[in-house]
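Structure first, commentary second.
Coordinate-derived values only; no laboratory data. All values derive from a computational prediction rather than experimental measurement. Counting neighbours? That spans all protein chains shown, and the Cβs are built from the backbone with ideal geometry, glycine included.
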Amino acid sequence: MIRHQIRPALVLLLAQGMLVPAALAETSDAADPSQPPAAGPYAPVAGPEGMGSGEHGEPEGPDRFALELFGDARGSGNSIDALFALARIKQETGEYREALSAWEQALDLVREQHGRWDQRNVTALAGIGASYRGLDDYQEALEHYGQAVYVNRMNQGLHDSSQLTYLDRITELHALRSEWQEATQLQEYSYYVRQRELGEDAPEILPALYRMAEWYQRTGAILSARGLYERAVEIVEKHYGNDDIRLVEPLQRLAKTYRMERYPPAAAARREEPSFRITSGGPPPDRDLHMQQRHTLNPYGVGERALVRSVRLQLDHPDIETDEQVEALVELGDWYLLFDKWNQAMATYGQARELLRRSGAPEEQVEALFGAPTALVFPIPPAPNPPPWTEGIRTHEGFVDMVYDVTDRGRLRNLDITDAEPEGLLDFRLRRSVRAARFRPRFVDDQPAATEGMQYRHRFVYYTEPRQETARSDDH
């Protein structure tokens with residue numbers, strides 16, 4: 001069993017060394033930057049009361065009271081609160097430059113009236129970071145969110161959970177800049193803070209554990225995600241027993257990692273989207289992990305047992321709705337199909353249909369699940385990369401239209417490209433890629449049947465230079 005543990009010494013070093021903005025480090029009056037400033041008291045004020053701001057005073061989401069608060073604050077002579085409210089109004093309406101100006105004025109007033117370490121600095125700095133994020137200036141946004149974290153730590157402590165909101169924003173910015181190592185370090189530190197706060201084995205840690213595991217899945221660290229889901233199963237069993245319905249979620253998540261190992265996320269179709277848009281897997285998997293996985297035999301039986309156990313828990317639980325039980329059975333049938341267990345897949349699909357009919361569901365509901373092929377894996381090649389330069393580059397939406405058949409075994413056959421724009425750019429790669437597609441076939445009279453003439457349009461973004469545009473116009 002793989003266990004995931006954050007090494008405290010490494011995380012402590014990371015926390016002390018990262019996100020210490022030069023702008024604050026250079027002006028700090030404290031002899032030791034890891035300690036609160038020695039001169040003067042500071043009040044941990046989260047921001048204007050009732051502003052409707054996010055956790056710890058950071059502006060986020062709609063604020064229906066902002067206009068009233070702005071008027072009240074201005075009328076009372078509280079310039080800082082008035083500027084906070086004004087900045088929030090501008091931010092909500094997408095006027096990021098005006099919001100930035102208001103946040104900066106508020107920050108100046110806070111520092112003049114209360115000093116550089118008052119907690120209201122955190123609110124203003126985070127607001128500035130959010131404004132720069134809205135202006136797509138990720139570097140400035142990172143710098144100001146980093147300053148917000150630094151001041152917050154000086155007031156609340158190195159491992160206080162109040163910083164997590166801002167760390168989430170910084171993680172997002174690193175991801176937008178494709179700085180996956182930095183983003184992962186922040187995610188791991190946030191999880192470590194939650195562990196310190198809630199306990200490693202407490203049931204309350206499960207949401208943070210799932211969040212960390214989802215990040216690992218997004219970044220291709222499937223084995224690390226699997227270790228966390230195994231830990232989640234242990235936590236639920238320890239506190240609630242081996243037959244508790246709360247085991248369903250970690251068991252399903254655990255099984256999914258085995259499916260992802262065989263069919264990486266870039267190949268997994270979104271089942272809820274009929275156009276088969278592809279689930280984003282985030283950045284490419286880490287090379288070392290990818291090599292490790294190539295030499296690791298996928299223990300199919302472990303994932304199967306986890307999924308079977310989750311299905312049994314749902315079938316045996318009196319409070320689980322029939323629709324949820326059917327969905328669990330269909331998911332298990334899909335698993336069997338993808339792992340080439342044809343007989344088990346057909347038997348499980350049959351059990352799902354029988355359960356639906358026994359519950360009195362209309363035949364239309366059965367048809368919705370089994371009346372047409374459903375894409376389980378539909379590999380799509382990546383879109384063309386943008387050029388390294390941006391001057392004069394134009395963005396276009398291209399497409400490739402295809403027609404294909406799905407066999408009664410769920411395989412794609414007789415693929416034909418019927419139209420493409422631009423012709424020849426993605427046709428060959430798409431044709432080669434989708435040959436590996438897997439479907440749940442349609443059923444006629446409860447028997448799998450072939451389907452002919454399936455249509456799909458794949459859309460993608462591509463780039464041209466002005467001279468290419470001229471050449472294309474001349475050709476037409």
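What to note about this one:
- Take 142-149, 121-128, 364-371 and order them by the average number of nearby Cβ atoms within 10 Å per residue, most first; the result is 121-128, 142-149, 364-371.
- Cross-link reach list, lysines versus Lys341, counting only Cα pairs under 20 Å and skipping chain neighbours closer than eight places: Lys256
- Where labels lie 7 Å past Cα in the beta-carbon direction, separation of Arg459 and Glu367 in nm: 2.9 nm
- Each Lys or Arg adds one and each Asp or Glu subtracts one; over the other residues with Cβ under 12 Å from the Cβ of Pro207, this totals -1.
- Pairwise Cα distances in the stretch 201-251 exceed 15 Å for 40 percent of all pairs.
- Peptides 337-347, 245-255, 93-103, ordered by how many other C-beta atoms sit within 10 Å of their residues on average, highest first, read 245-255, 93-103, 337-347.
- Cα pair distances of the stretch 376-439 binned at 10 Å [whole percent]: 19, 44, 24, 10, 3, 0
- In Hz, Karplus ³J(HN,Hα) per residue of the stretch 113-120 (6.51, -1.76, 1.60; θ = phi - 60°; x = Gly, Pro): 8, 10, x, 6, 10, 4, 4, 5
- Over all directions, the projected convex hull of the C-alpha atoms in the stretch 137-186 averages 3.1 nm² in area.
- Charge tally in the Cβ shell below 12 Å around Arg411, where Lys, Arg are +1 and Asp, Glu are -1, Arg411 excluded: +2
- Separation between Cα centres of the stretch 359-414 and the stretch 158-190, rounded to whole Å: 33 Å
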